[in-house]
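> The following block contains the structure, expressed as structure tokens.
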């Protein structure tokens, strides 16, 4: 984005004429630059941190005439930072002003660490393998398929076509990988498709795609990088919704406790079918279903926010505390209780999902909009 383009977007934002896609671009740009400035200690002064972010923005934006544009662009960058601060988008980037804030709010002994690579593989015969306990190497096989754990958090299926021709039943058996709350896992299917499975999710798939379609069934959330095969479409079935592709990158959020199913396309093309209607998604678009079977709604979204979980981050843009805590509860394996009607309070920001839970909650509390208590594995959110 050039400086002139940034100025145009900022002017449109001031007039309230930014589209959702344009607003997401401004937000994403700010979050990206601000996140790169976060250090272990972090600035202790908001103005100092603003200047650091501004300096980074100035370096990153192309400019063929620094002298002519400097004054104009300084005001633009300052306005962008001010806009993000005033909208509450800063809270997760701002460190507590003093080291004793965490100690005052939550004793360290009550802290809860982040989730990790945990999952259970259920084979067609019903036997289960706890993947986080299994050693690297071959963990299951038959004449056609070898299943290898190749590292912490990744499982790969290897297909032997010659053996499969002699044993078609074994090759088409269904496997299921399930992550608990506080777990995640990565799978590479026999066709080369890669899947990242989020916490509290499960996916069913055949060991070998022997049919004319490559179909899997998802409950929860997963990110897909589908291997290209024009002759054999890849289909994700999720709670009555079908997403069909031939080779592309996309995210599907289909948790049972959500009121909708959302498919977000990053690359390629996707058809989404629900309640008799089908829509085609473009890169950057999200299709959302509704429980009352109204037509699928599409809109452009910030794909970086949608896939943040896969990249080790929490990114929230004007999200209600209820939606934020849904993600937090799954990743940290905690229950959440609300008091004082705070569920609809909105926040925004970015933080690593590998921080302890109190660091995340203390940053939200730093806005002085809500407070929390941590009792065992229960988080109580209140005014």
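> If you take the Cα Rg of the stretch 116-305 and divide it by 2.2 N^0.38 Å, with N the number of residues, what do you get?
For the stretch 116-305, the normalised Cα radius of gyration comes out at 1.02.
> Moving to a separate point now. Per-residue counts of other Cβ atoms within 10 Å, averaged by peptide: what ranking do you get for 353-363, 145-155, highest first?
Packing proxy ranking, top to bottom: 353-363, 145-155.
> For the pair residue 130 and residue 320, what calculated FRET efficiency results from E = 1/(1 + (r/R0)^6), where r is the Cβ-Cβ distance and R0 = 41 Å, to the nearest 0.05?
Efficiency at R0 = 41 Å is approximately 0.70.
> Please work out how much length the chain gains when fully extended from residue 282 to residue 375, using 0.36 nm per residue of separation minus the C-alpha to C-alpha distance, in nm with one decimal.
Gain on stretching residue 282 to residue 375: 29.0 nm.
> Using Cα pairs closer than 8 Å and at least 6 residues apart in sequence, work out the relative contact order for the stretch 116-305, in percent.
Computed over the stretch 116-305, the figure is 12 percent.
> Note down the Stokes-Einstein diffusion coefficient of the stretch 223-349 in µm²/s, whole number, using a Kirkwood radius over alpha carbon pairs, 37 °C, and 0.692 mPa s.
In µm²/s, the coefficient is 208.
> Given 0.36 nm per residue, what is the gain on full extension from residue 259 to residue 290 after removing their alpha carbon distance, in nm?
10.5 nm
> Could you compute the FRET efficiency for residue 176 and residue 383, with r as their C-beta to C-beta distance and R0 at 41 Å, rounded to 0.05?
The calculated FRET efficiency here is 0.45.
> Note the full-extension length gain between residue 122 and residue 242 as 0.36 nm times their separation in residues minus their Cα-Cα distance, in nm to one decimal.
Contour length minus Cα-Cα distance gives 40.8 nm.
> Taking R0 as 35 Å, what's the FRET efficiency between residue 138 and residue 267 from their Cβ-Cβ distance, rounded to 0.05?
Given R0 = 35 Å and the Cβ-Cβ separation, E is 0.60.
Only the coordinates and a few stated rules stand behind these numbers; no lab work does. Note that the structure is a prediction, hence the values are computed from the model and not measured. Positions of Cβ are backbone-derived with ideal geometry, glycine not excepted, and every protein chain shown enters the neighbour counts.
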